[in-house]
Amino acid sequence: MKLLKEIYRVLKQIFYLPRYLTNFLFGTFYYDNFLAKSKKKYSGNLPLNNKIVIFLIFPDYGLAESHLRTLRYFIRNNFTPLVVSNLPLSKEDKDLLLKNCWTLIERKNYGYDFGGYRDGVLFLSEKIRDLDKLILINDSTWFPIINNNSFTDFIDNSNLDFIGATSHYGFKRQRLPSKKTGLLKPQFNFNNKNFHYASYALSFSKKILKDENFLKFWKNLRLSGTKNLVVRRGEIGLTQYVVRNKKYSHGSLINSGKLEDILKNLSKETLLKISRETIIENTSLKKFKEKFIKNADSFSKDELIAFILIQVSRQIIVFSLIKFLIEDLKFPFLKKMLFKLDKYSAEDTYKIIKGLDIDIFDEIYSEIKTNENLSRFLSTN
């Protein structure tokens, strides 16, 4: 079976090699000289200030109330929205957005989120050195799901130059435990090869914005129509640009490096609850969880913590610990992808959010019902 998978992987790589090389060598040239000509810019109703949020949207089912909720949140917190849409908009949706932003850009969906972020940043090129803060955020999450949340306060009051809502791959990925190895806690390290701050919400300080190399990063970013290349060059590349530059400080709203310390302060009963409520997308990880949960009552606190950290090391924290993040840590983001993974993840997530006291529930429910990408694994009747 492993041999067949490896043969399939190699054949797939050969099949996509021409496309990969074209994207690798000419993606940005192709976009800047051809696709970008169809880009449209509109002036909105709001004035510009020294804090800007670039809000990247992909409204495949039209503008949702949650898009407006996000915009209004940032407006209340003194950030000027610059909206970039990776899809053409109806006149009605365009008019709604223009009432709630400074500038609106419509573009072809090339380069995914980072292609849109790039257009937004380059549009600001003459103003960017004068800004105090810049936030990049996309609509892959519902935000804010808690009104009185600390996200912009954290950004405004933190001394960090580069901030993410969460980070990925800070824990070294390890093999699932066997009877011989037992439950070993994965260790967190910023220097792990693919460590990065998740691109659904990022913030930059004035110190970074004044650095001419920041604009150079975006100008030289090699765009691609291939998702994994976009992640490697954009999401991972941007984080590595900051982390390797020792003059910049960095961190995240949910600090995965301190997750073990947070868990140590919880009771065994709470750790058992968190362990049972983890949401798993990976098949082998699901089997591991099923075996573990059967005997979870017999495990020590340290073993329960190790189990939870293993989940986080093998998939993103906003999948694994969604209820704990929202309910206990007041995390204001909910990833929409949780409804797209599989039937079990969708149903588990729906049960979790239905039981939470969050005033955005009606908006989430309405959006799920009208969007088949979100509702295909879920009955909302």
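The values are calculated or read from the model by the stated rules, or taken from the named source; none is laboratory data. Because the structure is a prediction, the values reported are computed rather than measured. In this analysis, Cβ positions are derived from the backbone assuming ideal geometry, glycine residues included, and neighbour counts consider all displayed protein chains.
Before moving on, here are some points about what is shown:
- Scanning the range 115-152 for residues that are touching a residue at least 60 places away in the same chain (Cβ under 8 Å), under 21 Å from LYS206 (Cα atoms) and either surrounded by fewer than 19 Cβ atoms within 10 Å (Cβ to Cβ) or among the acidic types (Asp, Glu) (or both) gives ASP119, LEU122, PHE123, SER125, LYS127, ARG129, ASP130, ASP132, SER150.
- Selected residue [crowded, with 23+ Cβ neighbours inside 10 Å and on the phi > 0 side of the Ramachandran plot] from TYR112, TYR197, TYR169: TYR112
- Sole residue being in a loop (DSSP other than H, G, I, E, B), over 13 Å from ILE137 (Cα atoms) and in contact with a Lys or Arg (Cβ under 8 Å, 6 or more places away or on another chain), chosen from LEU63, LEU48, LEU87: LEU48
- Residue within the range 227-242 that is outside the structural domain of ILE322 (by TED's automatic domain parsing) and in a loop (DSSP other than H, G, I, E, B) present: no
- Taken together, the criteria exclude LYS216 from residues that are basic (Lys, Arg) and either outside the structural domain of PRO81 (by TED's automatic domain parsing) or crowded, with 16+ Cβ neighbours inside 10 Å (or both).
- Only one entry of ILE293, ILE310, ILE305 meets the criterion of being in a helix (DSSP H, G or I) and touching a Pro at 6+ places or on another chain (Cβ under 8 Å), and that entry is ILE310.
- Restricting the range 258-285 to residues that are among the aliphatic types (A, V, I, L, M) and in a helix (DSSP H, G or I) leaves a set whose member that is surrounded by the most Cβ atoms within 10 Å (Cβ to Cβ) is LEU271.
- Sole residue being closer than 17 Å to LYS336 by Cβ, modelled with pLDDT of 95 or more and polar (S, T, N, Q), chosen from ASN86, ASN100, ASN78: ASN86
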